[in-house]
Each structure stands twice: as structure tokens, then as C-alpha cells.
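To start, the structure itself, in C-alpha cells.
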Amino acid sequence: MLTKIIGILVNPRKKNIDRLVRKLDKWLAETDTGAIFRICTYDSPYIKNHFNKIEARTDTEIFNEAEMIITLGGDGTLLRTINKMNRFDIKMMGVNLGGLGFIADTPPDKLIEHIQNYLHGRYFIDERSQISCFLPESEEKFRAFNDIVIDKAGFARVIQIETHIDTEALNNYIADGLIVSTPTGSTGHSLSNGGPIVAPGAGVFVINPICPHSLTNRPVIIPDRMHLKIIVYTEADSFNIFRDGTAQGSFASGTVMELKRSRHTVKLVKMEHQRFFGVLSKKLHWGEDFRNKNRWTYKKI
């Protein structure tokens with residue numbers, strides 16, 4: 001039986017990360033897990049590069065060797081790691097040292113417990129879809145786990161975004177930009193822009209215009225088996241494309257984009273209590289009553 005190799009990738013800007021790594025390293029020194037743990041710290045100034053059991057490696061080596069990768073940071077750290085991966089059979093676990101943590105939803109104090117559960121097979125795989133984007137003129141290809149965003153690049157005026165679903169025209173948006181998100185990305189930028197929350201297994205894309213100059217231009221949900229063609233026009237020199245919050249580049253007016261569901265999925269490691277709707281309700285504080293309870297308490301006269 002092959003020895004499990006578990007990789008750890010960190011956000012080097014997190015100041016509170018060394019204590020967590022030391023705690024994990026100490027536990028590994030005291031416990032026979034039967035697995036090999038390897039870390040890439042990206043030369044973080046907040047981590048002392050001396051470990052008892054964890055082996056230092058580059059991220060490329062970890063991508064090539066690991067069966068599971070643990071990210072220490074937040075949703076952004078997990079997204080950047082996914083976009084760097086050259087293999088798609090790697091399982092992912094995200095530890096939240098950041099803000100909301102919709103995707104990276106393992107709390108730091110549960111990391112060791114979740115590793116134990118993983119090593120004993122007490123977990124399930126939450127398989128998530130991605131978007132694939134192709135630019136025919138430059139033959140550039142890239143994919144996104146959360147969303148692809150078209151942005152007017154600081155230009156004071158709106159841009160024109162022509163959209164087609166398969167061979168049928170959808171809309172000619174006059175707007176500041178456009179978000180195309182996966183179900184996973186529906187709780188990110190698209191949600192902030194008034195988009196719907198979509199369950200991860202829904203098999204759809206959300207097309208969400210940013211500040212459209214029309215009250216009738218609302219978010220549209222389409223099956224992800226359909227192909228989306230986008231042509232962007234601007235009076236400025238260029239517009240920007242972002243994928244998962246990272247700049248993909250600046251592109252000229254008239255650039256054509258072809259979007260479809262990627263054939264590669266992301267495999268998130270989840271514990272039983274990390275089901276989507278439970279996490280959603282907890283993160284958004286649904287069902288909680290923040291009102292002053294004293295106003296409902298009446299004294300008898």
C-alpha cells in the first residue's frame with residue numbers, strides 16, 4: 001500500500017500561521033499517522049523553517065506528489081492553489097485563517113481532528129465544477145473555480161458586452177462589467193452584486209451584469225452544458241479579465257471569449273458536519289434573532 005503524501009500550502013502574509021504549523025508539527029512528532037506531510041511556506045517571514053516531521057518542498061513538488069493538499073489561509077489561498085494545479089485528482093482541504101471562509105471552511109482548531117478523520121476515511125468528497133475560457137484570437141486558455149469577471153478597467157464610461165448562448169443571442173449589456181460564476185462562485189463576487197445563491201451540485205452558470213444601465217437586466221441562470229460566447233467592446237484602449245479574483249490580463253476591444261464547463265472538477269474534502277446548507281446558514285447567520293430580547297419582556301403592573 002502506498003504511503004499517503006499530504007501537502008500543505010500557506011498564505012505567506014498571514015501573521016498567525018506559525019503557531020498553527022508548529023502545533024501540527026508537534027502532533028505529527030507524537031503520533032504515528034503513517035502519512036508523509038510536506039509544506040511549501042513560500043518563504044513566509046512568519047514561519048520558522050525548521051520542522052520535526054513536516055518536510056519542506058516547493059509547490060511544484062507538492063502538486064506532483066500529494067494525494068491531498070491542505071491550504072492554510074482563506075478562500076483566496078484555496079482559489080490560488082486550485083488555479084496553479086497541474087493535476088486534477090488531488091483532493092483539497094481549506095483551513096480558514098481569513099474572513100468568511102465559504103470554501104475553506106475548516107476552522108484552525110479543527111485541523112488535526114479533520115486530518116485524523118481523513119486518514120481514517122471519515123469524510124466525503126464534495127466535487128465542484130469549473131469554468132473553462134478560450135480566447136480564439138490569442139489561443140489563450142484558462143479556467144476558474146469561482147468566477148470569470150469582465151471589468152471596464154478604470155474607464156469612466158460603461159462598456160458593451162455582447163452575449164450569446166450556444167447560437168442564440170442573449171443580451172447586449174451596457175454595464176460596468178459582467179460576472180460569470182459557477183455555483184461555488186455564487187456566494188462570492190456575484191452574491192455581492194445581487195446574484196442568487198446556488199447549491200454546488202446545480203450544474204449551472206450565473207450570468208450577472210455589474211451595474212447595468214437598464215432595470216430589466218437581471219442575473220440569468222443557464223445550464224452549464226450550454227456554451228457562452230462573449231464579445232466585449234470599449235471606447236478605452238482595453239478592458240480587464242479576472243479569474244477567481246486574480247487579473248488574467250488586459251484585452252483589446254472586440255475580444256471574443258468562449259466559456260463552457262471545464263472537464264476538470266475540484267474535489268473538496270469535507271466532514272459530515274460541513275454540508276453546504278449548514279455551512280451557509282452558519283456563515284450568513286440565518287435563523288438568528290439579533291433583536292433586543294428585552295423589548296419582548298413585559299413586567300406585570
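The values are calculated or read from the model by the stated rules, or taken from the named source; none is laboratory data. Fair warning: this is a prediction, and the values are worked out from it, not measured in the lab. Cβ: placed from backbone, ideal geometry, glycine included. Neighbour counts: every protein chain shown.
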| Before we move on, is V232 of a type in the set (V, I, T) and over 21 Å from the mean Cα position of the chain (by Cα)? | yes
| remark: With the first residue restricted to region 1-26 and required to be surrounded by 19 or more Cβ atoms within 10 Å (Cβ to Cβ), and the second required to be in a strand (DSSP E or B) and among the polar types (S, T, N, Q), Cβ contacts under 8 Å at 6 or more apart or on different chains are I8/T71; L9/T71; V10/T71; N11/T71
| query | Are there any pairs, at least 6 apart or on different chains, whose C-beta atoms fall under 8 Å, with the first in region 253-277 and in a loop (DSSP other than H, G, I, E, B) and the second among the hydrophobic types (A, V, I, L, M, F, W, C) and buried (at least 18 other Cβ atoms within 10 Å of the Cβ), and if so, which? | reply | S253/V232; S253/F239; G254/V232; S262/I131
| message | On the basis of being surrounded by 15 or more Cβ atoms within 10 Å (Cβ to Cβ), closer than 26 Å to G99 by Cα and touching a residue at least 12 places away in the same chain (Cβ under 8 Å), does G194 make the cut? | response | no
| remark: Considering region 227-264, residues that are surrounded by 15 or more Cβ atoms within 10 Å (Cβ to Cβ) and among the polar types (S, T, N, Q), and then whichever is nearest to A156 (Cα to Cα), we arrive at T234
| task | List the helices (runs of 4 or more DSSP H) that sit entirely inside region 59-127 and contain at least 2 residues that are under 19 Å from K15 (Cα atoms), out of contact with any His (no Cβ under 9 Å at 6 or more places or on another chain) and not basic (K, R). | result | 75-84
| Checking P219 against (1) assigned by TED's automatic domain parsing to the domain that holds V158; (2) under 17 Å from F145 (Cβ atoms), which single condition isn't satisfied? | (2)
| request: Specify which of the listed residues (N86, N52, N11) is outside the structural domain of Q248 (by TED's automatic domain parsing) and either in contact with a strand residue (DSSP E or B) (Cβ under 6 Å, 6 or more places away or on another chain) or within 24 Å of M271 (Cβ to Cβ) (or both). | output: N11
| query | With respect to P196, is the statement that it is at pLDDT below 95 and within 18 Å of the chain's Cα centre (by Cα) true? | reply | no
| remark: Checked region 175-190 for anything in a loop (DSSP other than H, G, I, E, B) and either at pLDDT 95 or above or of a type in the set (V, I, T) (or both); matches are D176, T182, P183
| field | Residue among I112, I70, I159 that alone is in the same structural domain as D224 (by TED's automatic domain parsing) and either in contact (Cβ under 8 Å) with a residue 12 or more places away in the chain or buried (at least 22 other Cβ atoms within 10 Å of the Cβ) (or both) | value | I159
